[in-house]
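Let me begin by presenting the structure, written as structure tokens, before commenting on it.
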Amino acid sequence: MNGLELSDEQRALVEVLDAVTNGLDDDLDVSEAAAELAARGLWALGTPEALGGGGASRATALLAVQRIARVSPPLALACAHADAAAHLLARPLPDGALAALVDARSSTVHLDARTHENGRVRLTGTIDRIEATGADPLLVVLDPTVPGAAVLAAGVTYGPLQHTTGLKGRRRATLDADCDLDPAADTATARTRLRLGCAAVACGIAEAAVDLAVGYAGEREQFGDVLLALPPVRAALAEARLRQRRATQALFALAAAPPDPDPDAAAEALRGATQSAIEVTTAAVQAHGGYGYLREYRAERLLRDAISLRAASGALDAARHAADSLGGHR
């Protein structure tokens, strides 16, 4: 599959995930779908068993996210957040729990942190982008001015759903809460895990787009033959397939190599995967001709999801911080 060498266990996982997610669509309720996956032991597979997860390897967990993303990118993104949150909090999350990890360094976050004498921190401000999940998620803010992770179960007001993007839309969050910081929280690892998870979502989107475009071009007739028989169409889709597979193979090679990937490598994997997803989904839209730009066709929705994922995952912010880090070592 995509040139990846899968173990028997991973192949079995793919078959089960494909069977469970078969029939899901873009209108699904993410919170209900997450609960269903959790009931089958397929939610947050990369989380250690002691924390209520599946205890799967990093590569296997990313494979699960990538397969879910082929059917439902919003559900896959929620899965990536839940896995990273469970590792960060070092405590079990309720089955199918939804979490939102937000990097305070992102360009979408405008927070003010004031430390009290008792060591608690008051967070006020706004977060312009919280991905729609169908329910108010547990909010975890990484590095809010002072080191640590702030977990907010209260003091967060979520705005209405805005249907201006893909991934089921976004919401705005307003914060006005006192919270405890955990200075020992491994925010760097959590951020890395989330970046890799988002990269897996991008790879799933790209694979779904290529499969969709090839299927359409293999059935749609024009000029006396199917579109796939036309050299320009065939060449464009072959290039899209190659680009999608390269991004997928690069991600899983990074995930399989010990030790844990460093933050800069994860940022680069995320940037590459999201850019590849945008290019591949654009090719899929073009392969559909004028129909590709209609919302009734999934190619258009996948393109919106790919573009939105780049913003939602902080891929541009991650790339900028990675470049700043490299510059500081020269």
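Dividing the radius of gyration of the alpha carbons in the chain by their Kirkwood radius gives 0.98 for Rg/Rh. 3J(HN,Hα) along the stretch 73-83: x, x, 5, 5, 5, 4, 5, 4, 5, 4, 5 Hz, from the Karplus curve 6.51 cos²θ - 1.76 cosθ + 1.60 with θ = phi - 60°, whole Hz, x for Gly and Pro. For the chain, the dipole from Cβ point charges (+1 on Lys and Arg, -1 on Asp and Glu) about the Cα centre works out to 720 debye, to the nearest 20.
Applying the criteria of a DSSP loop state and at most 12 other Cβ atoms within 10 Å to the GluC sites (Glu not before Pro) of the stretch 146-224 yields GLU219. Residues of the stretch 176-210 with an amide N closer than 18 Å to a point placed 7 Å from the Cα of ALA265 along the Cα-to-Cβ direction: 188-200.
Projecting the Cα atoms of ALA85, VAL102, GLY41 onto the charge dipole of the stretch 36-159 (Cβ charges, centred on the Cα centre) puts GLY41 farthest toward the positive pole.
Across the stretch 8-89, what fraction of all alpha-carbon pairs, as a whole percent, falls in each successive 10 Å bin from zero upward? Pairs per bin, as whole percents: 19, 58, 22, 1.
The value obtained for the stretch 234-293, namely the Cα convex hull volume divided by the number of residues, is 64 Å³ per residue. Taking packing as the residue-averaged number of other Cβ atoms within 10 angstrom, the listed peptides 31-43, 97-109 run from highest to lowest as 97-109, 31-43. Computed per residue of the chain from DSSP H runs no shorter than four, each worth -39500 (n - 2.57), the mean residue ellipticity at 222 nm is -17000 deg cm²/dmol.
Shape analysis of the stretch 187-328 based on the Cα gyration tensor places the equivalent ellipsoid semi-axes at 33, 14, 11 Å, largest first. For the stretch 217-276, a simple Cβ point-charge model (Lys and Arg +1, Asp and Glu -1, everything else neutral) yields a dipole of about 180 debye relative to the Cα centre.
Given the stretch 99-179, what whole percent of its Cα pairs are spread farther than 17 Å? When all Cα pairs of the stretch 99-179 are counted, 41 percent exceed 17 Å.
The numbers here are math on the coordinates, done by the rules we state, and not lab data. Just so you know, these numbers come straight off a predicted model, no measurement behind them. Cβ sites come from the backbone with ideal geometry, for glycine too, and all protein chains shown count toward neighbours.
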